[in-house]
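**Q** Pasting a structure here, questions to come.
The values are calculated or read from the model by the stated rules, or taken from the named source; none is laboratory data. None of the values given here were measured: they were computed from a predicted structure. Please note: Cβ atoms are built from the backbone with ideal geometry, for glycine as well, and neighbour counts cover all protein chains shown. Note: areas computed on protein heavy atoms with side chains; ligands, DNA, RNA excluded. Shrake-Rupley method; radii C 1.70, N 1.55, O 1.52, S 1.80 Å.
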Amino acid sequence: MGLTDLLFLALSAVAILSGWRVFATDSMVRASFLLLLSFVAVGLIIVMLAAPYIGVATVFMMAVEMMVMALFMVMFMMNPAGLNPMMMVHQHRFSIVAGVLAFAGLTAAILFTSFPKIPVDPSTPVVHDLGIELLGPSMLIFETAGVTLLATMIGSVILSSRSGRFGMADQGSRPPGLEPDGEPAGRQPEAGNGHHHHH
Amino acid sequence: MTLATVLIVAAALIGIGLYGALSQQSFVMLMMGLELMLNGGLLAVIGLWANTMGGAPEGQLLAIIIMAVMAVDMAIGFALVTAVYRKRQADVTESLTTMKH
């Protein structure tokens, strides 16, 4: 067993154990940092697999993403300092069975499939090839990802903003009732006196 | 480090992520399960690319698409969490029952 194998074993152990601890820790902030640890380990495995660009990009992207996630964790956290035991789960047994079944099924599929063996030639300039591919033959796919991200930005602003530029989108409207002459469905109009919150 | 071991690690990450996504009550923890599953998917794609495709660049392109999916998942997920919290003061899945049945 060479150094590569030992490193791979250590990194996979870190990735899997920290991935599991995400759902076993008491503090949500700690959970997001454990998830970051799992991502970093996977990123390093990817670097070892001859894809340095993807691996490093994963580490950078996840570092930023998990910082944002930690902020959201603080905002939505039940148990700020992780001082009390936290176990917020439903359908727990079903979920364990589903997770184990997914792992067993995928592992069986892996072990019983004969994959072709065409490893990357170490002398291949993989990052260069990726760049040529991104801005060459697969440019439309790459651009589609860019447009998707733009749509995501617009969508997340629309979803998370309190109101549009000209006030609530449904201001002054009265949604129809669920039954004839019933209470209006959905958000109740604010009670009188034109008092509005501005944020 | 063979292809099978890499794929088994990826399968373990997908299994843990599936457990998290199905079992967690809090929206944000649920999203961490989804991210972990995508993490496993990314590792599997790169493992297959490195061992079975002889370095064809399209495999790395697929990995980049998966990373874009991760970003979209995070951004839209948090926006939805914020929107739901604003409308319903809800931050656990049990609070949303209007779409049930």
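**Q** What is the number of the single condition among (1) more than 15 Å from B:Gly17 (Cα to Cα); (2) surrounded by 19 or more Cβ atoms within 10 Å (Cβ to Cβ) that A:Val42 does not meet?
**A** Going through (1) more than 15 Å from B:Gly17 (Cα to Cα); (2) surrounded by 19 or more Cβ atoms within 10 Å (Cβ to Cβ) one by one, A:Val42 breaks only (1).
**Q** Here are some conditions: (1) part of a helix (DSSP H, G or I); (2) open to solvent by less than 40 Å² (accessible area, probe 1.4 Å); (3) more than 7 Å from chain B (Cβ to nearest Cβ). A:Phe8 meets all but one. Which one does it not meet?
**A** (3)
**Q** Enumerate the helices (runs of 4 or more DSSP H) found wholly within region A:85-199, keeping only those where 3 or more residues are modelled with pLDDT under 90.
**A** A:139-160
**Q** Could you tell me whether region B:48-63 includes any residue that is of a type in the set (Ser, Thr, Tyr) and under 30 Å from A:Leu140 (Cα atoms)?
**A** Within region B:48-63, one or more residues are of a type in the set (Ser, Thr, Tyr) and under 30 Å from A:Leu140 (Cα atoms).
**Q** Is region A:118-133 home to any residue that is within 21 Å of B:Ala11 (Cα to Cα), open to solvent by 90 Å² or more (accessible area, probe 1.4 Å) and either of a type outside the set (Val, Ile, Thr) or within 7 Å of another protein chain (Cβ to nearest Cβ) (or both)?
**A** Looking through region A:118-133, none of the residues is within 21 Å of B:Ala11 (Cα to Cα), open to solvent by 90 Å² or more (accessible area, probe 1.4 Å) and either of a type outside the set (Val, Ile, Thr) or within 7 Å of another protein chain (Cβ to nearest Cβ) (or both).
**Q** I need a count of the residues in region A:45-78 that are of a type in the set (A, V, I, L, M, F, W, C) and open to solvent by less than 30 Å² (accessible area, probe 1.4 Å).
**A** So the count comes out to 12.
**Q** Give just the number: which of (1) of a type in the set (S, T, N, Q); (2) without any contact (Cβ under 8 Å) to a residue 40 or more places away in the chain; (3) open to solvent by less than 30 Å² (accessible area, probe 1.4 Å) does B:Thr98 not satisfy?
**A** B:Thr98 satisfies every listed condition except (3).
**Q** Which is more than 8 Å from chain B (Cβ to nearest Cβ), within 28 Å of A:Met48 (Cβ to Cβ) and open to solvent by less than 70 Å² (accessible area, probe 1.4 Å), of A:Ala151, A:Ala108?
**A** A:Ala108
**Q** Also: Evaluate the following for B:Val72: is it buried (at least 19 other Cβ atoms within 10 Å of the Cβ) and part of a helix (DSSP H, G or I)?
**A** no
**Q** Assuming B:Thr98 fulfils every condition listed in (1) assigned to a loop (DSSP other than H, G, I, E, B); (2) in contact with a Ser or Thr (Cβ under 7 Å, 6 or more places away or on another chain) apart from one, which condition is it?
**A** It fails just one condition, (2).
**Q** Would you mind stating whether A:Val64 is assigned to a helix (DSSP H, G or I), assigned by TED's automatic domain parsing to the domain that holds A:Ala15 and over 21 Å from B:Met67 (Cβ atoms)?
**A** no
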